[in-house]
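Chemist: Before we start, here is the structure in question, set down as structure tokens.
The values are calculated or read from the model by the stated rules, or taken from the named source; none is laboratory data. Nothing here was measured: the structure is a model prediction, and the numbers come from that model. FYI the Cβ positions are ideal-geometry reconstructions off the backbone, even for glycines, and counts take in every protein chain you see.
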Amino acid sequence: MEYIFGIDVGGTTVKIGLFTVTGDLLEKWEIPTHTANGGNAILPDIAQSLKQKMKEKNIPLSMLKGAGIGVPGPVLEDGTVNHCVNLGWGKKNVAKELSDLLGVPAKAANDANIAALGEVWKGSGRGFSNVLMVTIGTGIGGGLILHGEIVTGATGSGAEIGHICVNPHETRLCNCGKTGCLEQYTSATGILRVAKERLAETQTPSTLRNIADLTTKDVIDAAKQGDALACGVLDFMAKTMGRTLANCCALVDIEVFVIGGGVSKAGNFLLEPIKKYYQKYAFHTQKETCFQLAELGNDAGIYGAARLMI
């Protein structure tokens, strides 16, 4: 039996999974992400954790096929990260460094791309070769799979759909330094921002006015109860996202959109309006593109990272 490690590096924790080469997840665990000193300890910490697990499971190095790793930043095809702000990394060949630490092959990719690859392998993207995964969380992530392969692009920044400009008149900055990005209106923070703006700018009666520390979940819950202002916010979100996805599909002709991230927990309540607006704006041959909710949750990254090695 041969084994693979799948690693998903986040700004706070590193998720790790031990897999068989056939894709069975045997065990998963987390370790802290130590970002101090330019994140110098992150890869050595990961390597140490993997070696400890191999010792615990009596897995000799000869039975380890390799390790795949996903990181929150652009990654070139050779495994070089082109700046990871959340980890403190500049330009760094993550694949080579991890391989040298472990003594086995390693491959690296962007975290959103490996989540998409994981969903295609073992999640709701099974059976499809051309997939765009959209993660709707604090920000908006995108992972693009064409003909079964991750699309990284020339700089490792392929499918950064959260930073497509959807409002050229916006004056407030996105976290990326630009203005009018999709992320500013359709992410969890974007939905909350739009709701607070409408509460301040209008006199529309709303149950949201009675909540001191408003959250995105409050907005979604209020919309489910028919609150007019909250419904307007979610409709605006769905329209903005649906139109953007229609534009994406016009470029790469997707078979299925896989929607994940924390906000996707709203399920079909959010998915159906996005799909409705997508169909309104989509090219005529693409109106029936499938929409699926992600199945693997927080495990999508470790599954996709493991798949990199197969």
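Chemist: For the list (1) under 13 Å from VAL263 (Cβ atoms); (2) in a loop (DSSP other than H, G, I, E, B), I need the number of the one condition that GLY190 fails.
Modeler: Only one criterion in (1) under 13 Å from VAL263 (Cβ atoms); (2) in a loop (DSSP other than H, G, I, E, B) is unmet by GLY190, namely (2).
Chemist: Follow-up. Just to check your reading of the model, which residue among ILE191, ILE259 is crowded, with 17+ Cβ neighbours inside 10 Å, in contact with a strand residue (DSSP E or B) (Cβ under 8 Å, 6 or more places away or on another chain) and of a type in the set (Val, Ile, Thr)? Break it down into steps so the answer makes sense when it comes.
Modeler: Working: ILE191 fails: in contact with a strand residue (DSSP E or B) (Cβ under 8 Å, 6 or more places away or on another chain).
Of the residues listed, the single one that is crowded, with 17+ Cβ neighbours inside 10 Å, in contact with a strand residue (DSSP E or B) (Cβ under 8 Å, 6 or more places away or on another chain) and of a type in the set (Val, Ile, Thr) is ILE259.
Chemist: Which condition does ASP218 not pass, out of (1) of a type outside the set (Ser, Thr, Tyr); (2) modelled with pLDDT under 95; (3) surrounded by fewer than 19 Cβ atoms within 10 Å (Cβ to Cβ); (4) under 19 Å from THR138 (Cβ atoms), if it passes all the others?
Modeler: (2)
Chemist: Another one. Quick check on my filter: what residues within the stretch 22-68 are within 15 Å of VAL104 (Cβ to Cβ), among the aliphatic types (A, V, I, L, M) and touching a Phe, Trp or Tyr at 6+ places or on another chain (Cβ under 7 Å)?
Modeler: LEU50, ILE59, MET63, LEU64, ALA67
Chemist: Mind checking which residues of the stretch 36-57 are of a type in the set (Ser, Thr, Tyr) and either touching a residue at least 60 places away in the same chain (Cβ under 8 Å) or in contact with a helix residue (DSSP H, G or I) (Cβ under 8 Å, 6 or more places away or on another chain) (or both)? Outline the logic, then answer.
Modeler: Step one: of the stretch 36-57, the residues of a type in the set (Ser, Thr, Tyr) are 49.
Answer for the stretch 36-57, where residues must be of a type in the set (Ser, Thr, Tyr) and either touching a residue at least 60 places away in the same chain (Cβ under 8 Å) or in contact with a helix residue (DSSP H, G or I) (Cβ under 8 Å, 6 or more places away or on another chain) (or both): there is none.
Chemist: Only one of these is within 23 Å of the chain's Cα centre (by Cα) and at positive phi: GLY23, GLY68. Name it. Don't jump to the end; show me each part of the working.
Modeler: Details: GLY68 fails: at positive phi.
It is GLY23.
Chemist: Looking at (1) in contact (Cβ under 8 Å) with a residue 40 or more places away in the chain; (2) surrounded by 14 or more Cβ atoms within 10 Å (Cβ to Cβ), which is the one condition that is false for SER99?
Modeler: It fails just one condition, (1).
Chemist: Same structure, new question: What residue, among those in the stretch 268-310 that are in contact with a helix residue (DSSP H, G or I) (Cβ under 7 Å, 6 or more places away or on another chain) and hydroxyl-bearing (Ser, Thr, Tyr), is farthest from GLY125 (Cα to Cα)?
Modeler: So, considering only residues that are in contact with a helix residue (DSSP H, G or I) (Cβ under 7 Å, 6 or more places away or on another chain) and hydroxyl-bearing (Ser, Thr, Tyr), the one farthest from GLY125 (Cα to Cα) is TYR281.
Chemist: Give me the pairs: first residue in the stretch 275-299 and closer than 17 Å to GLY262 by Cα, second residue of a type in the set (Ser, Thr, Tyr), beta-carbon distance under 7 Å, and six or more apart or on different chains, which are they?
Modeler: Here the result reads GLN292/SER124; LEU293/SER124; LEU293/SER264; ALA294/SER124; ALA294/SER264; GLU295/SER124; LEU296/TYR303, each pair linking the stretch 275-299 to a residue that is of a type in the set (Ser, Thr, Tyr).
Chemist: In the stretch 67-96, what residues are basic (Lys, Arg) and free of Cβ contacts under 8 Å to residues at least 12 places away in the same chain?
Modeler: Kept after step one, since they are basic (Lys, Arg), are these residues of the stretch 67-96: 91-92, 96.
Answer for the stretch 67-96, where residues must be basic (Lys, Arg) and free of Cβ contacts under 8 Å to residues at least 12 places away in the same chain: just LYS91.
Chemist: Give the stretch 224-241 a look and list any residue that's over 20 Å from LEU182 (Cβ atoms) and among the hydrophobic types (A, V, I, L, M, F, W, C), or say none.
Modeler: Pass one, the stretch 224-241, residues over 20 Å from LEU182 (Cβ atoms): 224-231.
Answer for the stretch 224-241, where residues must be over 20 Å from LEU182 (Cβ atoms) and among the hydrophobic types (A, V, I, L, M, F, W, C): ALA228, LEU229, ALA230, CYS231.
Chemist: Out of everything in the stretch 144-184 that is touching a Gly at 6+ places or on another chain (Cβ under 7 Å) and not in a loop (DSSP other than H, G, I, E, B), what residue ends up being surrounded by the fewest Cβ atoms within 10 Å (Cβ to Cβ)?
Modeler: CYS165
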